[in-house]
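Take a look at the structure set out below.
Derivation of every value follows stated rules applied to the coordinates shown; laboratory data play no part. The structure displayed is predicted, hence computed values, not measured ones. Cβ coordinates were reconstructed from backbone atoms using ideal geometry, including for glycine residues, and neighbour counts include every protein chain displayed.
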Amino acid sequence: MAEKQEAWVLRLKDEFNDSEVEQYYSGDEDEGLTADLNAANIIYNKADAENWMKKWEEAIYSKFGKDAICNTGYTHMMKHFEFVEVEVEFQE
């Protein structure tokens, strides 16, 4: 029997997507985006993910200044991506 769990992925907002298909954040440093929902970075705890992005942003700006590039910081991510709820199925 399969167990289902709520989760989230980050979908690239339409205004930043120059592809004809939806793009998702993959978490892969080289690729960054994927059209394959199964290859998207799965987030099981949305609040933890948001907190991590905020803390990462604070750390980068603290170390390198407010003009530093912070691609995985909260401000950048929420400007370009939106959370989409998905259901993950685990096989027992």
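Tabulated data
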quantity	calculated
Crossing angle, helix 46-64 versus the chain [Cα axis fit, 0-90 degrees, rounded to tens]	20 degrees
Mean Cβ count within 10 Å, highest first, over the residues of peptides 38-44, 28-34	38-44, 28-34
Packing rank of 73-81, 11-19, where each peptide gets the mean count of other beta carbons within 10 Å, highest leading	73-81, 11-19
Radius 13 Å from Cβ of W8, net charge of other residues (Lys, Arg +1; Asp, Glu -1)	-4
Total charge dipole magnitude, the chain, about the Cα centre, Cβ charges on Lys, Arg, Asp, Glu only, Debye to nearest 20	620 debye
Spatially near lysine pairs across the chain, Cα under 20 Å, sequence gap of 8 or more or different chains	14
Pair N51, K66: separation of 7 Å Cα→Cβ label points (nm)	2.7 nm
Estimated inter-spin distance, E29 and Q91, nm [label 7 Å along Cα→Cβ]	3.2 nm
Listed residue (F81, N41, C70) projecting farthest to the positive dipole end of the chain, Cβ model	C70
Computed log₁₀ I(q)/I(0) - Debye formula, equal Cα scatterers, no solvent, the chain, q 0.11 Å⁻¹	-0.36
